[in-house]
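Take a look at the structure set out below.
The values are calculated or read from the model by the stated rules, or taken from the named source; none is laboratory data. The model shown is predicted, which means the values in this text are computed figures rather than measured ones. With ideal geometry, Cβ positions are generated from the backbone for all residues, glycine too; neighbour counts draw on all protein chains shown.
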Amino acid sequence: MTKKASWNLPYFIFLMIFVALPLVLILIYALQDGQGHFTLSTITRFFSDGDSLATFALSLEIAIETTILCILIGYPAAWILAGRSFNKSAVTAALFILPMWVNALMRTLATAELFNMLGIGLGKGTLLCGMVYDYLPFMIYPIYVSLSKMDKSYADVAEDLGATPFQVFFKVTLPLSKPAIWSGILMVFMPTVSTFAISEFLTNNKIKLFGTIIQENINSSMWNYGAALSLLMLVIICLTKVLSEDEKVAV
Amino acid sequence: MKKLLCKTYLAILLLLLYAPIIFIGVFSFTESKVLGNWTGFSTELYENLFFEAGSGNGLLRAIENTFIIALAAAFASTILGTVAAMGLKNLKGYKRRAMQFMNNIPMINPDIITGVSLFLLFLFLHVTQGYVSVILAHITFCTPYVVLSVMPQLIQMEPNTYEVALDLGARPSQALWKVVIPQLKGGMISGFILAFTMSLDDFAVTFFTRGTIGLETLSTYIYADARKGGLTPELRPLMTLIFLVVLILLLVRNIRINRNTTKAKA
């Protein structure tokens, strides 16, 4: 033990067993039938099953809509919070981030109950509202951090050079905060596209999302099909991640 | 005018964000079994929560499990994560990138993927799923955050601190406990708190790795309860209390930071 590099060994072994191997197992289980023989039938089954495909498309749609709504609602909030004209009280900013620390299931149930009491029927509309409500803080937070750290002199210079406030925002501030928007997109899109339980509560089990199908298959011991669906989800996640990295670098 | 508009926007947003929580809080002070039905002021639900919950409905048991799992996972991941960060700091080139890449995976993976993949691992290794598998799973997704919390302080630390302590006659254990660890304490504590709250909050990973022995944490209890139709009324005061504790902690922390920055300016 002369070099501290050997301190890596325990965590390396841990990562291999609990991170790498499980992901390989998703692949292995996904490509096997119940008897342990290699097959592609799990994958083809998904692409020939209309219901699964429809659920998959709906999950993507809901996740994209939630993400867009979060940007549209969250960006102005983050902008005001970080703005110069606003009395920069850390407490107000903290109030927006606080809901992140309360159990998501609890918040979701409270939202669903509130809709119930107000007599609003649970369905796609309430699902979207609830998801935006759940994940809005995750969009506001990175944008707020980026905007409050941003060097204000860029905006000042643009203004001095004759840009209208409108131009300053769209040509200077917005492009500079693009990496933060992508962080927000990752933090909202990934959990919403993979969500389960939350969607059940917000729609009273009327709408099933992709996460729910994975859970149902795993829980009813259909491990191979469950793994195949997880593999598909993993592909979506990887694509999102790669895309967002490209966008971040492109700034 | 513009300022007023901005403030109104924030106020409306905050009101909407907090409406469900306030709603739960208000209705924690009435006895009605159905949420949204006011049957007069009462603190009975709070009394039930503290004095009777354990007997009938297993809520107290679930709370207990949640805290045991969170403490164990946070403790283990703080140790593992600190050791990992110390090792990682001395790595270079592709080895370092590989470790960092692996460390990032549990943070990027959605809960459901972490849950399913670990479920398959325990299935594959024929490990009976229960307390141990849940704690191992929680360590898996908590440790990366500890590594990231400890790393900045490790980088700030004088690179040869450990060797200098050895040269000055400290035994390796002394150099570690008396010299290195005290300098990392801040990062380790914030890592521990982060790991603890992540574990408390978790639903999906616990759900997939808890097996069939009937282990319930707060999240899985709420899930099962809500699926049965109708939330146990005692959950209302519990949610209110948890929320208040978090709110107070956060406000105290922020006020202290504010005061310190004002002091620094003065």
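Assorted remarks:
- For the range A:146-160, the set of residues classified as without any contact (Cβ under 8 Å) to a residue 12 or more places away in the chain and either under 12 Å from A:Thr67 (Cα atoms) or part of a helix (DSSP H, G or I) (or both) consists of A:Lys149, A:Ser153, A:Asp156, A:Val157, A:Glu159, A:Asp160, listed by residue number.
- Meets criteria (aromatic (Phe, Trp, Tyr) and either crowded, with 23+ Cβ neighbours inside 10 Å or not in a helix (DSSP H, G or I) (or both)) for A:Phe169: no
- Residue in the range A:128-145 that is within 12 Å of another protein chain (Cβ to nearest Cβ) and in a loop (DSSP other than H, G, I, E, B) present: no
- Residue check, B:Ala76 touching a His at 6+ places or on another chain (Cβ under 9 Å) and within 11 Å of chain A (Cβ to nearest Cβ): yes
- The set of residues from the range B:124-135 being out of contact with any helix residue (DSSP H, G or I) (no Cβ under 7 Å at 6 or more places or on another chain), in a helix (DSSP H, G or I) and over 13 Å from B:Gly214 (Cα atoms) comprises just one member, B:Val132.
For (1) hydrophobic (A, V, I, L, M, F, W, C); (2) touching a strand residue (DSSP E or B) at 6+ places or on another chain (Cβ under 6 Å); (3) within 11 Å of chain A (Cβ to nearest Cβ), each residue gets a yes or a no:
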residue	(1), (2), (3)
B:Met102	yes, no, yes
B:Leu120	yes, no, yes
B:Leu148	yes, no, no
B:Tyr162	no, no, yes
B:Val180	yes, no, yes
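- Search result, residues across the range A:205-220 that are within 10 Å of chain B (Cβ to nearest Cβ) and within 21 Å of A:Gly34 (Cα to Cα): A:Ile214, A:Gln215, A:Asn217, A:Ile218, A:Asn219
- In the range A:1-111, counting only helices (runs of 4 or more DSSP H) that sit wholly within it, the ones holding 2 or more residues that are modelled with pLDDT of 85 or more and in contact with a helix residue (DSSP H, G or I) (Cβ under 7 Å, 6 or more places away or on another chain) span A:8-15, A:21-30, A:50-82.
- Residue check for B:Gly87: of a type outside the set (Ser, Thr, Tyr) and buried (at least 17 other Cβ atoms within 10 Å of the Cβ): yes
- The range A:191-204, residues that are farther than 12 Å from B:Ala204 by Cα, β-branched (Val, Ile, Thr) and facing chain B (nearest Cβ under 10 Å): A:Thr192, A:Val193
Per-residue answers, yes or no, for (1) within 30 Å of B:Pro237 (Cβ to Cβ); (2) free of Cβ contacts under 8 Å to residues at least 24 places away in the same chain:
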residue	(1), (2)
B:Leu49	yes, no
B:Ile69	yes, no
B:Val83	no, yes
B:Asn104	no, no
B:Ile113	no, yes
B:Leu123	no, yes
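- Under the condition of being exposed (fewer than 14 other Cβ atoms within 10 Å of the Cβ) and facing chain A (nearest Cβ under 7 Å), the residues counted in the range B:3-35 number 1.
For (1) modelled with pLDDT of 85 or more; (2) buried (at least 18 other Cβ atoms within 10 Å of the Cβ), each residue gets a yes or a no:
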{"residue": "A:Ser153", "(1), (2)": "no, no"}
{"residue": "A:Pro165", "(1), (2)": "no, no"}
{"residue": "A:Leu176", "(1), (2)": "yes, no"}
{"residue": "A:Trp182", "(1), (2)": "yes, yes"}
{"residue": "A:Val188", "(1), (2)": "yes, yes"}
{"residue": "A:Pro191", "(1), (2)": "yes, yes"}
{"residue": "A:Ser194", "(1), (2)": "yes, yes"}
{"residue": "A:Asn204", "(1), (2)": "no, no"}
